[in-house]
Amino acid sequence: MPVIRILIADDHTLFREGLRLLLNATPDVDVVGEAATGDEAMALAASHQPDVILMDIQMPGANGIEATRRIIHTSPHIGVIMLTMLEDDDSVFAAMRAGARGYILKGADKAEVLKTIRAVAGGEALFGPAIAQRLMNFFGALGPTPSAAPLAFPELTEREREVLGLIAQGHTNAEIAQRLTLSPKTVGNHISNIFSKLQVADRAQAIIRAREAGLGKAPR
């Protein structure tokens, strides 16, 4: 039986250790590396070229979404599975856009984790039951919009477009966090994702792009 080479990326040491022990007790799985930050995950992915990466989203430095995007860009054969506590629509769809082929919650049991690893290693995409149900609910709630105007920056999530609009209105990170009831760290992560997706270097360039697309107009 071919052995699946795994890289674990999570900033919680005890969680990584427990996951490593669980996976290494499985005959067809071998943990070849551990990363505590998104930057470490990218470096180890480049040097170890694992078959599958179990990637947390919230990590220091580049978050799991950004790390996934960069890893898939340079090594598209690596299958990334998001293993996280986050189950909100923004996180799920951002992970899918970044190229993740699996998304399971940290409360998942061993059988579900191994099933997802084996599916992704075999070239499939597999999302846990809770996430699959969320996707079904989301798409089921969408109505037909044949006459809808093209959405500005479709590569952004709804929340990221909202944050970009507030940036274009001149709001600071602290003001955006207060208005959207988010933590400053979460706002910073959204802004980092926006800069990456729009391929802009700074806030000024993001504002220009946003205003050209009609975002950031002051409410009447």
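The values are calculated or read from the model by the stated rules, or taken from the named source; none is laboratory data. Worth saying up front: this structure is predicted, and the values here are computed from it rather than measured. Neighbour counts are summed over all protein chains in view; Cβ atoms, including those assigned to glycine, are modelled from backbone coordinates with ideal geometry.
Counting only residues that are closer than 20 Å to residue 188 by Cα, give me the helices (runs of 4 or more DSSP H) lying completely in the stretch 1-100 with at least 3 of them.
Answer list for the stretch 1-100: 38-48, 64-74, 89-98.
If residue 105 satisfies all but one of (1) farther than 22 Å from residue 25 by Cα; (2) touching a helix residue (DSSP H, G or I) at 6+ places or on another chain (Cβ under 8 Å); (3) surrounded by fewer than 18 Cβ atoms within 10 Å (Cβ to Cβ); (4) not acidic (Asp, Glu), what's the number of the condition it fails?
Unmet condition: (1).
Only one of (1) touching a Gly at 6+ places or on another chain (Cβ under 8 Å); (2) at pLDDT below 90 is not met by residue 81, so which one is it?
(2)
Which of (1) in contact with a Phe, Trp or Tyr (Cβ under 6 Å, 6 or more places away or on another chain); (2) at pLDDT 90 or above is the odd one out, the single condition residue 173 does not satisfy?
All conditions pass for residue 173, except number (1).
Across the stretch 110-152, which residue is surrounded by the fewest Cβ atoms within 10 Å (Cβ to Cβ) among those that are modelled with pLDDT of 85 or more and over 18 Å from residue 79 (Cβ atoms)?
Step by step, filter the stretch 110-152, then rank; the result is 111.
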